[in-house]
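The values are calculated or read from the model by the stated rules, or taken from the named source; none is laboratory data. Predicted model, so just to flag it, every value in this text is computed and none were measured. Positions of Cβ are generated from backbone atoms using ideal geometry, with glycine treated the same way; all protein chains shown enter the neighbour counts. Only protein heavy atoms, including side chains, enter the accessible area calculation; ligands, DNA and RNA are left aside. Shrake-Rupley method; radii C 1.70, N 1.55, O 1.52, S 1.80 Å.
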Amino acid sequence: MTVTDNPALQDILTRATLAQQGETARALKKPQSLKRVLRMAERALDRAEQTIAAVSEVLPPPAAIACQANCPYCCHIRLTASPPEILLVLNHIRENWDEEAILALRHKVKNTDAFTRGKSDEERAQMRLPCPLLKDGSCSIHSVRPLSCRAVVSVNVKACKQAYSSRMENGVPMHEPQHLAANAIGYGIYAGLVDSGYGVENIEIVAALADGLTNSDLGRKWLKKQISLPS
Ligand code: SF4
């Protein structure tokens, strides 16, 4: 029996996806409000953590989870997220960072974006450029990091170092239930977006930050379907 054949695990994942789908669609009901979408994205991250805890009880990891806020090995790949998650990150930065820090991030993002925009997963793995949200080896937005970051869960930090050294030729031994739990919430967000007439936009985070840090109206325009975010 594979992990995905486990009925208890399947039940948790299905219920989490459906709950998230409903909440996403409700958050996008007219008259639309960016505040409601941001709240939904925040709650989606909470739901992801609850789902991760629930699946880990059914199928505990074979060893302690090695991931920590200050472990940056996997933060050198192409990262994508749904539009609500991207808008939550932008909002978090605007509300919690001072002007100087935002300006420094804007420069860093612009420089990275000049190299990375439009590049494939493989090209990005070869480039091995750090996510511009890394600061002194730690994620500077850890509390609102996207689901894709939460889905990469290692039980062996040595393997992560090797994956980094090999430019991701060597994989990371992941705890699959936790990976599936984070993805289940992502599927729920996308299903809710589709139910509300939005496309399945898998947004590349560096390009989206480059656009969003210079355009404070990005979220409202996306909500009104006046723009697409860069994929
Ligand atoms: S958002 Fe944070 S956790 Fe995710 S890749 Fe960037 S630095 Fe790493």
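Some notes on this structure:
- So residue 101, is it part of a helix (DSSP H, G or I), over 15 Å from the mean Cα position of the chain (by Cα) and within 21 Å of residue 173 (Cβ to Cβ): no
- In the stretch 184-211, of all residues being more than 16 Å from the chain's Cα centre (by Cα) and of a type outside the set (A, V, I, L, M, F, W, C), the one that is farthest from residue 104 (Cα to Cα) corresponds to 195.
- Members of the stretch 62-94 that are over 20 Å from residue 203 (Cβ atoms) and open to solvent by 50 Å² or more (accessible area, probe 1.4 Å): 62, 64, 65, 67, 68, 70, 73
- Residue match in the stretch 40-47 (condition: of a type in the set (A, V, I, L, M), over 28 Å from residue 121 (Cβ atoms) and surrounded by 15 or more Cβ atoms within 10 Å (Cβ to Cβ)): no
- Of the residues making up the stretch 126-146, those that are more than 10 Å from the ligand (Cβ to nearest atom) and surrounded by 19 or more Cβ atoms within 10 Å (Cβ to Cβ) number 0.
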